[in-house]
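Any read-out appearing in this document is the output of simple, stated calculations on the displayed coordinates, not a laboratory observation. Note that the structure is predicted; figures quoted are calculated from it, not measured. A quick note on method: Cβ atoms are made from the backbone with ideal geometry, for glycine too, and the neighbour counts reach across all protein chains shown.
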Amino acid sequence: MNRQRLVWFLSALLVLCVADVASATSKTFTFTNKEGQDADDLHVELKQASDPVKNPTTRKFGEFTNHEATSGNNHKFDGGTVKNNKATSIEFDSTSSRITVKTWWWSKGGRRLGSKKTGNPQ
């Protein structure tokens, strides 16, 4: 009987450990356009492999309808406009316990606006 309890306990512990490892982390970042003109692209490089989450109501990534990933941590969003001094928020999911932005920048017509920003947007 004690052996059955031990097997049950170890099985339950294993299930909890596996569920914890497989769980995803979500984080939303708000990017503000302070470049002096409207932007039609947003480029985001994350430190961890992450997937952007489409808003279930609008079916968009913030203000953008399109997403292109050149790798698991490099993302380009287009198909929308973020006006000067306005912001857009995009949620990312990852199996990593943290999601952090390495660099990000705005562009218009394929040309970068301003400089690359480093770190999470403020």
Within the stretch 46-78, can you find the residues that are in contact with a strand residue (DSSP E or B) (Cβ under 7 Å, 6 or more places away or on another chain), among the small types (Gly, Ala, Ser) and closer than 16 Å to residue 94 by Cα? 49, 50, 69
Name every residue in the stretch 56-86 that is in contact with a Gly (Cβ under 8 Å, 6 or more places away or on another chain) and free of Cβ contacts under 8 Å to residues at least 40 places away in the same chain, in order of residue number. 60, 62, 63, 64, 65, 66, 77
Any residue in the stretch 36-43 that is over 20 Å from residue 24 (Cβ atoms) and under 12 Å from the mean Cα position of the chain (by Cα)? yes
Pairs where the first residue, in the stretch 89-108, is among the aromatic types (Phe, Trp, Tyr) and the second is surrounded by fewer than 19 Cβ atoms within 10 Å (Cβ to Cβ) and assigned to a loop (DSSP other than H, G, I, E, B), C-beta under 8 Å, 6+ apart: 104/121; 106/35
I want to confirm something. Restricting to the stretch 72-89 and keeping residues that are among the β-branched types (Val, Ile, Thr) and over 26 Å from residue 24 (Cα atoms), which single residue is surrounded by the most Cβ atoms within 10 Å (Cβ to Cβ)? 82
In the stretch 90-119, what residues are surrounded by 14 or more Cβ atoms within 10 Å (Cβ to Cβ), within 11 Å of the chain's Cα centre (by Cα) and not hydrophobic (A, V, I, L, M, F, W, C)? 91, 93, 94, 100
Got at least one residue in the stretch 30-45 being touching a Gly at 6+ places or on another chain (Cβ under 8 Å), in contact (Cβ under 8 Å) with a residue 12 or more places away in the chain, of a type in the set (Val, Ile, Thr) and surrounded by 14 or more Cβ atoms within 10 Å (Cβ to Cβ)? no
